[in-house]
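For reference, the structure discussed in these notes is given below.
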Amino acid sequence: MESFLHHKNKALQVIADKIYNHRRISEEEALLLYTQADTAWLGVLASHAKQQASQKLVFFNRNFHLEPTNICLYQCKFCSYKRKIGEEGSWEYTYDDIARIVEAYKNTSVTEIHIVGGVHPQRDLHYYGNMIKLIKSIMPAIHVKAFTAIELDFMIKQAKMSLSEGFHALKEYGLDSIPGGGAEIFDAEVRKILCPEKSTGEKWLEIHREAHRAGIPSNATMLYGHIEKWEHRIAHMSRIRQLQDETKGFNAFIPLKYRKENNHLSHIGEVSVVEDIRNYAISRLFLDNIPHIKAYWPMIGRDTTKISLSFGVDDIDGTIDDTTKIYTMAGFKEKNTMTLDEMLKLIKSAGYTPTERDSVYNVIQTFEN
Ligand code: V47
Ligand code: SF4
């Protein structure tokens with residue numbers, strides 16, 4: 001079928017026809033999208049792909065974050081958040097602190113806790129496993145989405161377990177899914193400059209593969225807008241697309257825009273909003289096997305989130321309730337909580353149907369009017 005979306009550039013016309021015929025685009029074609037496609041055309045094409053995946057629905061959930069510590073062994077250049085033990089601005093919550101934080105959500109409609117933090121040198125899998133147990137003793141029904149692959153790599157090694165043993169133990173403790181962080185850009189040369197100490201791209205993929213095998217779903221992220229080239233973004237997404245073909249364990253892909261305040265890459269600045277929305281569109285078009293593309297509003301802000309809905313995005317994460325510091329410390333200046341009302345207005349004003357979901361995308365309710 002020829003698409004109704006004509007383009008005088010023959011190669012772009014071929015891409016549009018592929019999308020309309022549910023055919024996969026190649027890495028070379030993704031590069032053409034980055035370098036030659038006009039933004040409005042990308043929006044129409046990505047909106048078509050979004051419509052195929054989730055019709056008019058735009059998903060969100062009611063969640064809060066727990067960042068147990070910002071003490072971290074590593075020194076990623078883009079990170080504004082990490083501190084050394086005892087350094088000013090560092091924190092380490094005790095189990096009592098955590099119990100107090102979670103208690104506050106006990107009789108609310110929150111359905112998910114998202115837990116990420118630094119790689120603390122003295123904490124292992126059992127420490128974090130017992131933390132999950134504590135959380136579930138207070139809120140038995142809450143979905144625990146916890147730990148980046150980087151934290152998992154370290155905590156499982158500390159407990160002297162294989163990945164498979166580690167995931168089975170964590171599942172037993174109550175882990176339900178894992179977030180997409182730590183992926184950054186998989187390319188080894190980029191990683192050498194950006195985050196040399198961190199687990200490799202291969203390791204990140206191995207950890208998510210093993211999680212999926214253990215029946216634990218996950219998300220995937222990509223940190224963009226720093227020193228990487230288009231080719232690095234495409235190779236990164238291609239690895240995720242391959243793994244998804246194999247396991248089908250990814251729920252969502254989340255492009256994360258590099259934010260520049262208070263870190264060692266500040267001098268390079270930030271990419272434009274136009275770049276953000278083009279990147280969302282190309283993610284939607286390239287990742288034909290990942291059901292949801294998420295715009296994480298506490299990173300890009302409400303306005304860009306709203307525009308992103310016309311560029312392939314169908315998920316805007318959750319209400320957050322001012323519980324994450326990763327992006328406020330990196331320069332996010334807006335109010336870090338969204339009320340239900342605000343969430344509904346944002347989605348409706350972009351022309352979509354707000355849809356509250358659980359953590360694995362079962363619909364809880366749609367807000368038609
Ligand atoms: O891996 C750190 C990123 C990630 C900066 O799975 C930065 O639902 C931009 O993974 N500028 C952690 N990004 C957060 C994360 C995440 C967020 C929201 C939803 C989900 C999900 C996962 O934050 C890190 C890193 O890539 N990050 N510093 C910065 N200055
Ligand atoms: Fe540590 Fe994560 Fe920050 Fe890297 S991004 S320094 S691993 S907290």
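Annotations
- Region 26-140, accessible area per residue, ligands and nucleic acids excluded (1.4 Å, Å²): 42 Å²
- Largest to smallest in accessible area, the residues 96, 315, 358 fall in the order 96, 358, 315 (1.4 Å probe, all protein chains included).
- When the surface is traced with a 1.4 Å probe over the full set of protein chains, residue 332 keeps roughly 10 Å² accessible.
- Gyration tensor (alpha-carbon) shape descriptor, region 56-366, a/c threshold 1.5: rounded
- Pairwise FRET efficiency - residue 160 versus residue 273, Cβ, R0 = 41 Å, nearest 0.05: 0.30
- 0 to 90° range, to nearest 10: angle between helix 125-138 axis and the chain longest Cα axis: 90 degrees
- Residue 349 sits with roughly 70 Å² accessible to a 1.4 Å probe, with DNA, RNA and ligands left out of the calculation.
- Heavy-atom accessible area with a 1.4 Å probe sorts 357, 23, 213, 62, largest first, into 213, 23, 62, 357.
- Surrounding net charge for residue 348, when Lys and Arg each add one and Asp and Glu each subtract one, Cβ distance under 13 Å: 0
- Normalised by the number of residues in region 211-287, the average gap of Cα pairs under 8 Å and 6 or more apart makes the relative contact order 37 percent.
- Virtual spin-label span in nm between residue 53 and residue 334, 7 Å along Cα→Cβ: 2.1 nm
- Given a 1.4 Å probe and the protein chains as shown, residue 134 ends up with an accessible area of around 50 Å².
- Full extension of the chain segment joining residue 369 with residue 108 gains 91.6 nm, where the gain is 0.36 nm per residue of separation less the Cα-Cα distance.
- Here the 3J(HN,Hα) profile of region 342-354, calculated from phi with Karplus coefficients 6.51, -1.76 and 1.60 at θ = phi - 60°, is 5, 4, 5, 4, 4, 6, 5, 5, 8, x, 10, 9, x Hz, Gly and Pro shown as x.
- About its Cα centre, region 56-366 has a charge dipole of approximately 260 debye under the convention of +1 per Lys or Arg Cβ and -1 per Asp or Glu Cβ, with nothing else charged.
- Taking GluC sites (Glu not before Pro) in DSSP loop conformation with at most 10 other Cβ atoms inside 10 Å as exposed sites, the chain has its longest uninterrupted site-free stretch at 89-367.
- Hydrodynamic radius by Kirkwood, which averages 1/r over all alpha carbon pairs of region 50-198, in angstrom: 16.7 Å
The values are calculated or read from the model by the stated rules, or taken from the named source; none is laboratory data. These numbers come from a predicted model, not from an experiment. All Cβ positions, even for glycine, are placed from backbone atoms using ideal geometry, and neighbour counts span all protein chains on display. For accessibility, only protein heavy atoms count, side chains too; no ligands or nucleic acids. Shrake-Rupley method; radii C 1.70, N 1.55, O 1.52, S 1.80 Å.
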